[in-house]
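One structure below.
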Amino acid sequence: FKPQLKDSSSLDDAVVLVKLDGKDLFLDPATAFCPFGILPWAESGVQGRRLDKEGGSWLTTSQSSSAESKVIRKADLKLSTEGGLEGKVAVSYTGVEALNLRLAQRNQDATHRKEFLENELKGLVPVAADITLTNDPKWTSSDEPLVAEYDFKVQGWASGAGQLILIPVGLF
């Protein structure tokens, strides 16, 4: 919201301002799956109107730090003598990253969510890979990371070149 434009139609979200240990804390209890102390990106670091007995004052909502919203990918893989790569991959989404996925998939069934997560990981790997989701992530939580675990397999990841083996620089 930009107060100088005097157009109140863009005041379209409501957040709660709480004092906790002497500090202002912005919360959005109306957004499903929103972690405590974190605002969705659209409500983070924006101007708003704080209402009080005198009519109100302008303030800016807090911004989440990047440390609170991450995507962490871990892989435990083995390279076979034929050049294939096989093992387990885990992807963990926290903060706003988890919130966005949960909101985007909240009206989908388990089959669609599984396919969605498998396609997300396939899109990060530079070659064709066999990827199968092996767990049931906690889609309805707001406090826990959204963790997806996969069986991962790629044929021909490494290739021989004389006495050398060539492998791609990165997996994701």
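The values are calculated or read from the model by the stated rules, or taken from the named source; none is laboratory data. Values in this document were obtained by computation on a predicted structure and should not be read as measured data. Backbone-built Cβ (ideal geometry, glycine too); neighbour counts: all protein chains shown. Note: areas computed on protein heavy atoms with side chains; ligands, DNA, RNA excluded. Shrake-Rupley method; radii C 1.70, N 1.55, O 1.52, S 1.80 Å.
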Condition set in a loop (DSSP other than H, G, I, E, B) and closer than 28 Å to Arg102 by Cα, scope region 15-30, selection least open to solvent (accessible area, probe 1.4 Å): answer is Asp28
Single match in Ala158, Ala148 (criterion: buried (at least 16 other Cβ atoms within 10 Å of the Cβ), under 16 Å from Val71 (Cα atoms) and of a type outside the set (D, E, K, R)): Ala148
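Given the options Leu99, Leu103, name the one that is closer than 29 Å to Trp41 by Cβ, assigned to a helix (DSSP H, G or I), of a type outside the set (Lys, Arg) and touching a Pro at 6+ places or on another chain (Cβ under 7 Å).
Numbers: Leu103 fails: touching a Pro at 6+ places or on another chain (Cβ under 7 Å).
Every option except Leu99 fails the conditions.
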Find the residue count for region 123-142, including only residues that are open to solvent by 80 Å² or more (accessible area, probe 1.4 Å) and either in a loop (DSSP other than H, G, I, E, B) or within 25 Å of Glu68 (Cα to Cα) (or both). 5
Show the residue pairs meeting these rules: Cβ distance below 8 Å; 6+ apart or different chains; first residue within region 5-34 and farther than 14 Å from Val46 by Cβ; second residue of a type in the set (Val, Ile, Thr) and modelled with pLDDT of 90 or more. Asp24/Val18; Leu25/Val18; Leu27/Val18; Phe33/Thr140
Over region 62-88, the set of residues at pLDDT below 90, in contact with a helix residue (DSSP H, G or I) (Cβ under 7 Å, 6 or more places away or on another chain) and not acidic (Asp, Glu) is Ser64
For Lys138, work out the one condition from (1) under 11 Å from Ala98 (Cα atoms); (2) modelled with pLDDT under 95 it doesn't fulfil. (2)
If I ask for residues that are in a strand (DSSP E or B), more than 30 Å from Ile38 (Cα to Cα) and in contact (Cβ under 8 Å) with a residue 40 or more places away in the chain, which ones from region 143-172 would you list? Asp151, Phe152, Lys153, Val154, Ser159, Gly160, Ile165
Can you pull out the residues in region 31-60 that are part of a loop (DSSP other than H, G, I, E, B), more than 22 Å from Trp139 (Cα to Cα) and under 29 Å from the mean Cα position of the chain (by Cα)? Ser44, Gly45, Val46
Options Leu77, Leu59; residue that is over 30 Å from Ile167 (Cβ atoms) and among the hydrophobic types (A, V, I, L, M, F, W, C): Leu59
Assess whether Lys114 counts as being over 19 Å from the mean Cα position of the chain (by Cα) and open to solvent by 40 Å² or more (accessible area, probe 1.4 Å). no
Enumeration of residues in region 1-37 that are β-branched (Val, Ile, Thr) and modelled with pLDDT of 90 or more: Val18, Thr31
Residues that are under 18 Å from Asp13 (Cβ atoms), in contact (Cβ under 8 Å) with a residue 12 or more places away in the chain and either loosely packed, with under 13 Cβ neighbours inside 10 Å or not hydroxyl-bearing (Ser, Thr, Tyr) (or both), drawn from region 47-69: Gln47, Gly48, Arg49, Arg50, Trp58, Leu59, Thr60, Gln63
